[in-house]
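Only one structure is covered here, and it is reproduced in the block below.
The values are calculated or read from the model by the stated rules, or taken from the named source; none is laboratory data. Bear in mind the structure is a predicted one, so any value in this text is a computation, not a measurement. Note: ideal-geometry Cβ built from the backbone for every residue, glycine included; neighbour counts use all protein chains shown.
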Amino acid sequence: MAPGGGWLGGVYPGLMTWMVTGGAGYIGAHIVKSLHDSGYGVVVFDDLSTGEGRKVPDGVPLVEASVLDAVAVEKAMREHNVSGVVHMAAKKAVGESVERPLYYYRENVDGLLSLLEAMDATGVKKMVYSSSAATFGMPDSDDPLAEDYLCQPINPYGETKLIGEWLMRDVATAIGLDWVSLRYFNVAGAGGPELGDTGVFNLIPMVFRALSTGKNPQVFGSDYPTPDGSCIRDYIHVTDLADAHVASVKRLEQGTAAEIYNVGRGEGVSVIEVMDAVRSATGLDFTYDLVDRRAGDPARLVASADKIRTDLGWTAEHDLAAMVTSAWEAWQAAPPD
Ligand code: WQD
């Protein structure tokens, strides 16, 4: 039986099986697909609060439960012979985190705590943690940010992600866990028409929503100290991000690790440049409105992607045009509610 094919209901004797928490979500489903296509044994653990079972590939078992349920996590780990975890399951809307901090700390911090307890109880010793550029907060730097740049998150979402890195590191030291933390920058695009981002929180889906409802997209702030006055971000295609997880998993299977990596392209793109890319990808000749700044937006947030390239041999392959084109195809195939 080839690795990745079904065997004994998802148990892969002699091969490592990776549990992907949140594996039915937008990013998680891409990670599951990449791991599965690369021949790794995978089991998805997802409460389907925002994930969708249809995104889990055939042959990959889905356990429907919350990571807060430590008993269910432990049971799934034993039943599926899990030897490593990619931990994605979390809440990620910055604005909501400000309104509902208790919810975010419970889901993101308690969720990780419960998972680490189950890993300790079952002897699972390898973990890829889904972190975020939100850990950096409002960096005051024109240069790409290295992983050791000061982390000063400015909202509960970013705080829970940074606390998660500390929690995992401390537990790892105590119980001998190998881990990689991936700090995602601005994730966009889709690996297929059925794998689009259905949560309309980020810039590109917000632009699509405006266009689909006959409104002008909005640029939040045009007086930033950047060449065109709009904010600069580091956009990364979701399939490249998924491949960074495969590279991390491979690294963890080869030996010990305790590393944080930025996952970005190392290239800054302004909001106005994104608008231009959407015009080209959609063929729609729209105008956008320049409106007030949104609170809490740094002028510039760009990754240094040197460390992950040097250590893991990973680099992003897709450019902004590929992100916008694939996102638009997925949006048209299944417009979010
Ligand atoms: C991008 C730029 C907006 C909508 C967030 C999280 C971060 C990470 C990625 C997960 C900003 C501008 C947006 C619009 C606009 N998530 N904008 N008009 O805030 O950079 O990052 O998602 O870890 O942690 O904070 O992403 O997509 O909301 O915004 O002008 O209608 O687009 O002001 O400059 P952000 P975003």
Give me a count of the residues in segment 173-210 that are out of contact with any strand residue (DSSP E or B) (no Cβ under 9 Å at 6 or more places or on another chain), farther than 20 Å from ALA316 by Cα and buried (at least 18 other Cβ atoms within 10 Å of the Cβ). 2
Residues (within 10 Å of the ligand (Cβ to nearest atom), polar (S, T, N, Q) and touching a Phe, Trp or Tyr at 6+ places or on another chain (Cβ under 7 Å)) located in segment 194-221: GLN218
Within segment 165-182, is even one residue out of contact with any Pro (no Cβ under 7 Å at 6 or more places or on another chain) and within 7 Å of the ligand (Cβ to nearest atom)? no
Being closer than 19 Å to VAL263 by Cβ and in a helix (DSSP H, G or I) is the filter here; which residues of segment 75-111 pass it? VAL94, ASN108
Give just the number: which of (1) under 25 Å from HIS87 (Cβ atoms); (2) under 18 Å from the mean Cα position of the chain (by Cα) does VAL324 not satisfy? (1)
Could you figure out which of (1) among the aliphatic types (A, V, I, L, M); (2) part of a helix (DSSP H, G or I); (3) surrounded by fewer than 21 Cβ atoms within 10 Å (Cβ to Cβ); (4) more than 15 Å from the ligand (Cβ to nearest atom) isn't true of LEU284? (2)
Need the failing condition index for GLY296 against (1) within 11 Å of the ligand (Cβ to nearest atom); (2) of a type outside the set (Asp, Glu); (3) closer than 25 Å to TRP166 by Cα; (4) surrounded by 17 or more Cβ atoms within 10 Å (Cβ to Cβ), just the number. (4)
For the subset of segment 313-337 comprising residues that are more than 16 Å from the ligand (Cβ to nearest atom) and touching a strand residue (DSSP E or B) at 6+ places or on another chain (Cβ under 7 Å), which member is farthest from GLU253 (Cα to Cα)? ALA322
Kindly establish whether GLY191 is in a loop (DSSP other than H, G, I, E, B), away from the ligand (no atom under 14 Å from the Cβ) and without any contact (Cβ under 8 Å) to a residue 24 or more places away in the chain. no
Are there any pairs, at least 6 apart or on different chains, whose C-beta atoms fall under 7 Å, with the first in segment 266-282 and in contact (Cβ under 8 Å) with a residue 12 or more places away in the chain and the second aromatic (Phe, Trp, Tyr), and if so, which? VAL269/TYR235; MET275/TYR288; ALA281/TRP328; THR282/TRP328
Note on segment 227-250: residues in a loop (DSSP other than H, G, I, E, B), among the small types (Gly, Ala, Ser) and more than 10 Å from the ligand (Cβ to nearest atom) are GLY229
Test TYR224 against the stated conditions and say whether it is within 13 Å of the ligand (Cβ to nearest atom), more than 30 Å from ASP120 (Cα to Cα) and at pLDDT 95 or above. yes
Take THR160 and decide whether it is of a type in the set (Ser, Thr, Tyr), away from the ligand (no atom under 13 Å from the Cβ) and in contact (Cβ under 8 Å) with a residue 24 or more places away in the chain. no
